[in-house]
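Down below is the structure, laid out as structure tokens.
The values are calculated or read from the model by the stated rules, or taken from the named source; none is laboratory data. Predicted, not measured: the structure shown is a model, and the values here were computed from it. Heads up, the Cβs are rebuilt from the backbone with ideal geometry, glycines too, and the neighbour counts pull from every protein chain shown.
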Amino acid sequence: MPNNVLLTPQILVRLILMNLGGYLAVARNMTKQYASEFAKPGAKVGDTVSVRKPQRFVPSVGLLYQPQALSNVKTTITVNDVTGVHYEWDSVEKTLSLQDANEMYGKPAAIAMAHNVNARAAQFAAQNTFNAVGTPGTTPTLLDTYLSAGDKIVELGLPPEELLTCIVNRKMSSQFVVGQKTLFNPAGAIGGTIKDGGIAEGVDNLLGYKWVRDQTIYTQLGGAQGGTPQVSGAGQGTSNGNNDTMSLNVKNLSSTVWNVGDRFTIAGIYSVHPQTRQSTGDLQQFVVLAPFSAASTGSVTIAPGITPSGQYQNVTASPADATAITLLGAASFSSPQGLLMHKNSYAFVSIPLDTPKGPGVISSHEEEDPETGLRASFVSFFDGVHRVEGNRLDMLDGFGVLYREMCCVIAS
């Protein structure tokens, strides 16, 4: 007979955090190193911290002293999302075995919260990433698609030995296996990486990626497009390259609609390696960061910024006036967005909420999971009007862009 325990707020929060981290397929593959910036108790919704990014230098040639200006490039992380599970009870057996407590309260609460957090993490990453491979609306089956995602990230400066995590849904996993079925021998080493009709969870030796299956990956709905868009005005750009966003003036539109997360290329504008400044041979891809609609001309917010020279050069040139713009994907497509990502492409922070004391509060407790950095706050209070005990479990979290070039969307 298992020993029973009093289901205190501390025990309940620990049970939930114990389960929660394992479900966060996307969020747990973002860096959490900046959570300490928000470590002060009682953080508020909307709190923002600036993260300084490393300097990038352009090597000089010859003995002549050629000092370079120091560019203080920053990115911001804002905590503005509260995820909660709230419930009431008036007569509940609070003395349970740990197993029963976990099955009845810990896992259900963790699953509910994790789906919310993870879906937001997947959406944030997909809508902020400009690199993309595959055809929106078509599930990829070839090795080439997945390998080209890694090619893009390495070409933009990631050392090839760094770990990349590939996050796909069940259908993408299954179709990948179907496409490679003649290569997989159940008796061989490669066959051991396949199980349950798809790529095995956590496989880290297939194409050099760690693989994760997750059904909450974001589905991008493409805009209605319209017109034959062109760049409006020559010389548009910024100075900080992939660290920047910008407003791009466009023309030759006709009832044009671009959605957040839509991507496009500009004719003749190629990406470059961040250190050698040599062309990768691939057209630079841009992602739309704000809803855009226009009848003839307009200004669309995009990432990255166009920087054709200097410390943060990311393209071969600035586009000329009337240069053609090509949207990736057909009008109004629907495309689940798989992700190949390095942990430093985006940040996830989970921070402590205020734990109130005083009249009406039965108990309150805030707990951190040392393994994942996740924090949750539990407050129990008495409603004298209805004579019930109210309970609320909440997490305050947020996401930030660090090195978006270290992530690539795999369109499905």
Original post:
In the stretch 148-171, how many residues are more than 18 Å from the chain's Cα centre (by Cα) and part of a helix (DSSP H, G or I)?
Top reply: 6
Original post:
Listed residues Thr145, Thr135; which is in a loop (DSSP other than H, G, I, E, B), of a type in the set (Ser, Thr, Tyr) and touching a residue at least 12 places away in the same chain (Cβ under 8 Å)?
Top reply: Thr135
Original post:
Gly373 passes all but one of (1) at pLDDT 85 or above; (2) under 19 Å from Gly84 (Cα atoms); which number fails?
Top reply: (1)
**OP:** Could you tell me which residue of the stretch 374-410 is nearest to Asn242 (Cα to Cα), considering only residues that are in a strand (DSSP E or B) and small (Gly, Ala, Ser)?
**Re:** Gly400
**OP:** Being more than 18 Å from the chain's Cα centre (by Cα), modelled with pLDDT of 80 or more and crowded, with 18+ Cβ neighbours inside 10 Å narrows it down to one of Ala126, Ala132, Ala109, Ala101, so name that one.
**Re:** Ala109
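Can you find even one residue in the stretch 344-362 that is within 21 Å of Lys210 (Cβ to Cβ), out of contact with any helix residue (DSSP H, G or I) (no Cβ under 7 Å at 6 or more places or on another chain) and crowded, with 18+ Cβ neighbours inside 10 Å?
Scanning the stretch 344-362, I find at least one residue that is within 21 Å of Lys210 (Cβ to Cβ), out of contact with any helix residue (DSSP H, G or I) (no Cβ under 7 Å at 6 or more places or on another chain) and crowded, with 18+ Cβ neighbours inside 10 Å, so the answer is yes.
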**OP:** Tell me, please, whether a residue that is within 25 Å of the chain's Cα centre (by Cα), among the small types (Gly, Ala, Ser), over 20 Å from Asn243 (Cα atoms) and modelled with pLDDT of 95 or more can be found in the stretch 306-329.
**Re:** yes
Original post:
Could you say which residue among Tyr312, Tyr403 is outside the structural domain of Thr238 (by TED's automatic domain parsing) and in contact with a Gly (Cβ under 9 Å, 6 or more places away or on another chain)?
Top reply: Tyr403
Original post:
Restricting the stretch 376-412 to residues that are surrounded by 19 or more Cβ atoms within 10 Å (Cβ to Cβ) and among the acidic types (Asp, Glu), which is modelled with the highest pLDDT?
Top reply: Glu405
Subject >> Test: residue in the stretch 341-359 that is in contact with a Gly (Cβ under 8 Å, 6 or more places away or on another chain) and polar (S, T, N, Q) >> reply: yes
Original post:
Can we say Lys195 is among the basic types (Lys, Arg) and at pLDDT below 85?
Top reply: yes
**OP:** Considering only residues that are over 14 Å from the mean Cα position of the chain (by Cα) and crowded, with 22+ Cβ neighbours inside 10 Å, look in the stretch 112-123 and name the one that is nearest to Thr265 (Cα to Cα).
**Re:** Ala114
**OP:** Please report, ordered by residue number, the strands (runs of 3 or more DSSP E) entirely within the stretch 267-318 with at least 2 residues that are surrounded by fewer than 19 Cβ atoms within 10 Å (Cβ to Cβ).
**Re:** 279-288, 298-303
